[in-house]
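Student: Let me give you the structure first, and then I'll get to my questions.
The values are calculated or read from the model by the stated rules, or taken from the named source; none is laboratory data. Computed from a predicted model, the values in this text were never measured in an experiment. Please note: Cβ atoms are built from the backbone with ideal geometry, for glycine as well, and neighbour counts cover all protein chains shown. Surface accessibility is based on the protein's heavy atoms, side chains included, excluding ligands, DNA and RNA. Shrake-Rupley method; radii C 1.70, N 1.55, O 1.52, S 1.80 Å.
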Amino acid sequence: MDTTERSLDGRSVQRERRRDAILASVRAMAGSPDQEGFTVDQVAEHAGVSRRTVFNHFATVEDLLVAVCEQILEETTAQVLLELDRRLAGARPHPTGALPDAVALDALCAATRDADLPRAMTAIVRVLDVSAHEGERGEAISQAALDHVGDRLAARVTEHAPQLDPLVLQLTIALLMNGIGVIAHRWLDEHAGRVTPASRRSWDDHLARLLDQLAHGYTRTASSATPPTPAPATPAAPEGR
């Protein structure tokens, strides 16, 4: 490695450290019970960088918050990817050597079920609340982070099952990630972001319904519903003579 390459490598490392410091600053302020909000200037001061450096890494505050949400989801994502690898590596391939589509998609859903999403979503909501990005703006930011996670999951499934129809995979991932966003919003309303045994059971129930819908579609819901009791027939009036 020549001097120029070492210099470029050193600047890349320094840039990554600054980026990590900025993200850590946002998370630290969001985790403080006394913090009611923060500005870019406060983030920069806490990270030991300039305001300009913050915007060199993130074009907008929303981009910064998406990156923070992605980092919060990183540990959960790694857990899902590890479980996905384990399940797909042990799956029995089709006689042609390809992994059946249903097996690959079932493994994806099962790996998601085992992840600790409640704690991650609670941390994300705290960041968005403190940054005054609650409501629709906050939902858009958290969903963007979930969509990026979905891209990583799709890439990993494709590695194991390259023959899988890309459209089927894309639709499944989109429904899964958007569904998680929907149930996260409902779960947070129900439990105010408190992670307890009872709230975890509630999350598991919501997620089970989502995964069942993905596996079986709306016909499962329609067929399991109790059909309405037909009204008793009204006797026909005798015809006049």
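Student: Taking the residues in segment 42-75 that are part of a loop (DSSP other than H, G, I, E, B) and within 20 Å of residue 13 (Cβ to Cβ) as candidates, determine which candidate is least open to solvent (accessible area, probe 1.4 Å).
Tutor: Within segment 42-75, the match that is least open to solvent (accessible area, probe 1.4 Å) is 58.
Student: Let me ask something else about it. Taking only pairs six or more apart or across chains, which ones have beta-carbon atoms under 7 Å, a first residue in segment 69-93 that is over 16 Å from residue 155 (Cα atoms), and a second residue that is open to solvent by less than 80 Å² (accessible area, probe 1.4 Å) and not in a helix (DSSP H, G or I)?
Tutor: 76/115; 76/116; 91/99; 93/99
Student: Output the residues belonging to segment 205-223 that are open to solvent by 70 Å² or more (accessible area, probe 1.4 Å), at pLDDT 50 or above and out of contact with any Asp or Glu (no Cβ under 8 Å at 6 or more places or on another chain).
Tutor: Across segment 205-223, the qualifying residues are 205, 209, 213, 216, 218, 219.
Student: May I ask you to list pairs of residues, at least six apart or on different chains, whose Cβ atoms are under 6 Å apart, with the first in segment 182-199 being free of Cβ contacts under 8 Å to residues at least 12 places away in the same chain and the second being part of a helix (DSSP H, G or I)?
Tutor: Pairs that qualify, where the first residue is free of Cβ contacts under 8 Å to residues at least 12 places away in the same chain and the partner is part of a helix (DSSP H, G or I), are 191/199.
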